[in-house]
Amino acid sequence: MIKAPVKSNNITPTKRQRLAVKNISEHLTKGGVLESAGYSKSVSESPSLVMKSKGFIVAMEEMGITDEFLNKALMSDITTKKGNRLGELTLAYKLKGKLTDTKQGDKTLIINVTQESANRFKATESATETATQLPADTPIHEHLDN
């Protein structure tokens, strides 16, 4: 479902930008996403032309792919879920321009951390030694309050 248009600094996404964002979950490649939204093959071969545009970023926010959503999903994965959703989170961060690949394979991840989160991290540092002594199938968050 596409939400009402969001204007960010007078940026209004185009119909194709909105459609591309809507189609993200249906395609394995960024180029495939753009082709499905009606972009030409030449544009689809250089997806950053569209995906780094202000309109595309606003369209992502319209669809609920906000920094707040990504941060909550990441925290939920870290604290509660079994399995690996790294692929989905990596793609989302790449699309938001927060994660980039270099030719050498290095990755840069920029995460805004609140003071509250930083304080919680400091509190859990002391629990790390205890956590390494717990059975592997014991969730660490059960022991953080002890």
- Message: Within 13 Å, Cβ to Cβ, of Ala20, how many net charges do the neighbouring residues add up to if Lys/Arg are +1 and Asp/Glu are -1?
- Response: +3
- Phi-based couplings in Hz for the stretch 11-22 (Karplus 6.51, -1.76, 1.60; Gly and Pro marked x): 9, 10, x, 7, 4, 5, 4, 4, 5, 4, 4, 4
- Note on the structure: Listing Met60, Met51 by rising number of other beta-carbon atoms within 10 angstrom, fewest first, gives Met51, Met60
- Note on the structure: Dividing the mean separation of Cα pairs under 8 Å (6+ apart) by the residue count of the stretch 1-65 yields a relative contact order in percent of 45 percent
- Determine, for Lys96, Lys15, the number of other Cβ atoms within 10 Å of each Cβ, and report the residues in order from fewest to most. Lys15, Lys96
- Ranked by Cβ crowding within 10 angstrom, fewest neighbours first, how are Lys72, Lys22, Lys82 ordered? Lys82, Lys72, Lys22
- Message: What percentages make up the Cα-Cα pair-distance distribution of the stretch 1-65 when the bins are 10 Å wide from 0?
- Response: 26, 56, 18, 0
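Since every read-out is calculated from the coordinates, none of them should be taken as a lab result. Keep in mind that what you see is a predicted model, and the values were worked out from it rather than measured. Using ideal geometry, Cβ is built from the backbone for each residue, glycine included, and neighbour counts are taken over all protein chains shown.
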